[in-house]
1. Taking R0 as 25 Å, what's the FRET efficiency between Ser459 and Ala290 from their Cβ-Cβ distance, rounded to 0.05?
2. Starting with the fewest neighbours, write out Ile154, Ile99 ranked by other beta-carbon atoms found within 10 Å of each beta-carbon.
3. Can you list residues whose amide H is under 5 Å from Trp138's amide H, if they're 5+ apart or on another chain and H is modeled 1.01 Å from N?
4. Convert each backbone phi in segment 71-84 into a coupling constant with the Karplus relation 6.51 cos²θ - 1.76 cosθ + 1.60 (shift: θ = phi - 60°), then list the ³J(HN,Hα) values in order as whole Hz, x for Gly and Pro.
5. What nm distance separates the two modelled labels at Lys434 and Ser113, each placed 7 Å from Cα along Cα→Cβ?
6. On full extension of the chain, what length is gained from Thr394 through Gln212, given 0.36 nm per residue of separation minus the C-alpha to C-alpha distance?
7. Kindly write out, for segment 294-303 in residue order, the coupling ³J(HN,Hα) from the Karplus curve 6.51 cos²θ - 1.76 cosθ + 1.60 (θ = phi - 60°), rounded to whole Hz, with x marking Gly and Pro.
8. Based on alpha-carbon centroids, what's the gap between segment 422-476 and segment 52-90 in Å, whole number please?
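Read the figures in this text as sums done on the coordinates, not as results from a lab. Note that this is a predicted model, so its numbers are computed, not measured. No Cβ is skipped: glycine too gets one built from the backbone with ideal geometry, and neighbour counts run over all protein chains shown.
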Amino acid sequence: MLNDFIRRLCRDRDGNVVMIFALSIIPIIFFAGMGLDFAAATQKRAKLNAAADAAALAAVAPGMMNQSDASATTAAQSMFRAQAATVSQLNIDASQPTIAISHTGLARNVNVSYTANSINAFPNVLGLLTGGSAQQFWPISGSSQSSSTIPPNINFYLLLDNSPSMALAATTAGITTMNNNTTAQGGCAFGCHETNPTASDVAGNPVVNGKQIDNYTLAKNLNVVLRIQNVATATQSLMNSAQQYQTTNSQYNVAYNMAIFTFANNGIVPVFPTTGCTTTSCTPSNNLTAAGTAASTIDVMVVCSNNYLGPYQNGACQNNNSDEDTEFDKAMSQMSALMPNPGTGAANSTPQEVLFIVTDGVEDKKLPDTWQTICKETETGSRCQQEFDTSLCTTIKNRGIFIAILYTVYEPLPATGNGSNSWYNSYVSPYQSKIGPNLQSCASPGLYFAVTTDQDITSAMTALFQASVATARLTQ
């Protein structure tokens, strides 16, 4: 009987499923436990990756970009650790995360990396499956990168042409008005700034207070706007643009500092700052309101008689310079000496430097001199007239200083008839077509604008300012 029972039990297949399930339940539980631990580790890694992203962004936040790398590192670590503290069942070293910061010009590049261990709920599973000891942790790691560029602090050195040729009427209508009201002089489109002109210089002009007025006063009385007035207005507008840019980028504490100069027969003359600024030493100021006020005073050089630089005192002109009042090589040499070598413009560096030149591009100087003894173009006696001398442009740009040039186009005058000028025909016309290209070769790439008669010099000057700020930010 017993033997029969055993034979029937062996032949019976009804209990196989139970046996198979009993044998399978152990690996199923192991794999389920491992899957749960892996899923939990994946979720924790996702949370830590988000914390790393937040940390990387914290290091390049606008308010952090003008602070030190050490401060940025602390901010990134604090951000990561605050978020990591909310993740349960996590083992992470107090030294985590690792923050690496590098710089490319004005760009701060941040890399946040971390390593951690996810605490397993089923620590024995992996150990049993691998034949080793219990696996208490599941290792996880990750990283995140960010980068941001800050607007640079910039020192602007403005060199503004205020030679008598800048007393040209700013519009064709103004030129016509001046010509029509100076027929006794043969027609003069210029409003020469003369305080003691000769009789031929003012022939036909009205008499005011017992004295025939000069053409500069005539232009004012006729409400003719001259180029020098537009330059003054445009310079004021530029200061407003600079203030707006500073306000827009206030979170970066960006600063645009200004120094304004005009020409003189011996180089340059400081206009702003009004104190502590000379032709040998000048620190630009961030007082843009005061800079705008100073710009409003810009005027044409005082010429007390034709070809004589003023003032007129004791019955005579004080400086017989034969109208040689724009010596670019000397002016550029003095400007170069004033400008220090630039930094990146970041908070932990010195500002970038921009030489901002507004000119009609014609040099008029005395020969021989200590700066240049050869006149490239036209000369009469010791007087040389030629296009802008660019000999120092390359030297200045090689120092990392940007040169921005606004060319108030020296319009060609007619060869004959109304508006013609014999001096222009002899001493300017031969190289007139070279003036613009010559200035463009001096300017840094993208920082050259030309404004012809009737065009808006204020808009052009603002556009050039915006271009110089953008170029400084992208190039560094």
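1. Details: r = 24 Å, r/R0 = 0.95.
That pair, Ser459 with Ala290, gives E of 0.55.
2. Numbers: Ile154 25, Ile99 21.
In order of increasing Cβ crowding within 10 Å: Ile99, Ile154.
3. Sorted by chain and number, the residues that satisfy this are Ser118, Ile119, Asn120.
4. Each residue of segment 71-84 in turn: 5, 5, 4, 4, 5, 5, 5, 4, 4, 5, 5, 5, 7, 5 Hz.
5. The modelled label-to-label distance comes out at 6.0 nm.
6. Details: separation 182, 0.36 × 182 = 65.52 nm, distance 4.72 nm.
Once the chain is fully extended between Thr394 and Gln212, it gains 60.8 nm.
7. In residue order, the calculated couplings are 5, 4, 5, 8, 4, 9, 5, 3, 6, 10 Hz.
8. That distance is 46 Å.
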